[in-house]
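Shown next, in structure tokens, is the structure this report addresses.
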Amino acid sequence: MSEFSVERDGVVLRGGDEGEGTPVVLLHGLTATRRYVVMGSKTLERGGHRVVAYDARGHGRSSPAPVPGLEGYGYDVLARDLGAVLDAAGLERAVLAGASMGAHTLLRFALDAPERVAGLVVVTPAYDPVAQDDPKRLAYWDRLAQGLREGGIEGFVEANRVERMPAAWQETIRTVLRQRLAQHDSLAAVADALDAVPRSRPFDTLHDLAELEGIPAVVVASRDEADPGHPLEIGEAYAAAIPGARLLVEEEGKSPLAWQGGQLSRAIAELAAQTAV
């Protein structure tokens, strides 16, 4: 793998570039890192794809934003970071695959620069334009940020209140949370992102997604029992709003597709096969 760094407006974005063939750019979710899109799977690289993955600002090995708040971590800023990564990689167009925050970022980018998007894989979207300003929702994210600032990784895990989730998933979720948070150079920067990203709007209404007509797209959603933070109904709504998008959901009782790197990689590869990059 070729490691790279891209500087934009005082932020250094770090990532990796591996493989040859159809270009795919991976974008991770809030509090995650570039590894947590396809979970370390090399299926795409082995299947004839060039995979570019990077840590979002304030995450992993990338540096924090110079200022906190929406100015430092809003979706408009995150989308411009994606453009800078594409430029540095010499990519005019690519298939974009992102989870949660990464999914919202690539949609913002696609709405701004559709000519640079060969295909979209929208994994576990959670942004609901109607409920965005719900005080209870924002209080949840504020609790996570506070837990991380005051108690570090264990404070973050405790703030997630994993004990309220189905018993079958609790230990897995705790383990993943600890592993994800251990990958960051700056937990303070992750806390800043937790303060800002949930308050940012990647687009105004789901009707805006109708502008993505002509771009091959798939939405990968999860059932609520295992992943209540990414409601199935939101994934279904995105798939209905993006013209021609296909919806993928795991079978009932199975682990979410978004948690299975190999299966998710195959879904990305199938979408990439429909594109002309």
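The values are calculated or read from the model by the stated rules, or taken from the named source; none is laboratory data. Source: prediction; values computed, not measured. Note that we place each Cβ from the backbone using ideal geometry, even for glycine, and neighbour counts take in every protein chain shown. Just so you know, the surface numbers come from the protein's heavy atoms only, side chains and all, with ligands and any DNA or RNA stripped out. Shrake-Rupley method; radii C 1.70, N 1.55, O 1.52, S 1.80 Å.
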Problem set entry | FRET E, pair Glu225, Ala131, Förster distance 25 Å, beta-carbon r, rounded to 0.05 | 0.80
Problem set entry | For the range 154-253, average projected area of the Cα convex hull in nm² | 8.1
Seminar exercise, completed: Given a Förster distance of 41 Å, the FRET efficiency implied by the Cβ-Cβ spacing of Ile173 and Ala273, rounded to the nearest 0.05, works out to 0.80
Exercise. What share of the DSSP beta bridges in the range 1-154 is antiparallel, in percent to the nearest 5?
Worked result: 40
For this session: For the chain, report the accessible area per residue in Å² (1.4 Å probe, heavy atoms, rounded to an integer).
Result: 43
For this session: Given the options Ala118, Ala241, Ala103, state which has the largest fluctuation in a GNM of the chain using a 10 Å cut-off (strictly under) for Cα springs.
Result: Ala241
Exercise. Of all the stretches in the chain, which is the longest one without any exposed loop site, taking GluC sites (Glu not before Pro) in a DSSP loop (any state but H, G, I, E, B) with at most 14 other Cβ atoms within 10 Å?
Worked result: 93-212
Seminar exercise, completed: Cα extents of the range 75-192 per principal axis, largest first, Å, are 45, 34, 28
Exercise. When the helices in the chain are scored as -39500 (n - 2.57) per DSSP H run of 4 or longer and the sum is shared across all residues, what 222 nm value do you end up with, to the nearest 500 deg cm²/dmol?
Worked result: -12000 deg cm²/dmol
For this session: Calculate, for Val67 and Glu154, the FRET efficiency according to 1/(1 + (r/R0)^6) with r their C-beta to C-beta distance and R0 25 Å; round to the nearest 0.05.
Result: 0.30
Seminar exercise, completed: Classified through the alpha carbon gyration tensor (a ≥ b ≥ c as square roots of its eigenvalues; rounded if a/c is under 1.5, else prolate when a/b is larger than b/c, else oblate), the range 1-102 comes out prolate
Problem set entry | Nitroxide proxy distance, nm - points 7 Å out along Cα→Cβ at Arg164 and Gln146 | 1.4
Exercise. Among rounded, prolate and oblate, which fits the chain when a ≥ b ≥ c are the square roots of the eigenvalues of its C-alpha gyration tensor, a/c under 1.5 means rounded, and a/b larger than b/c means prolate?
Worked result: rounded
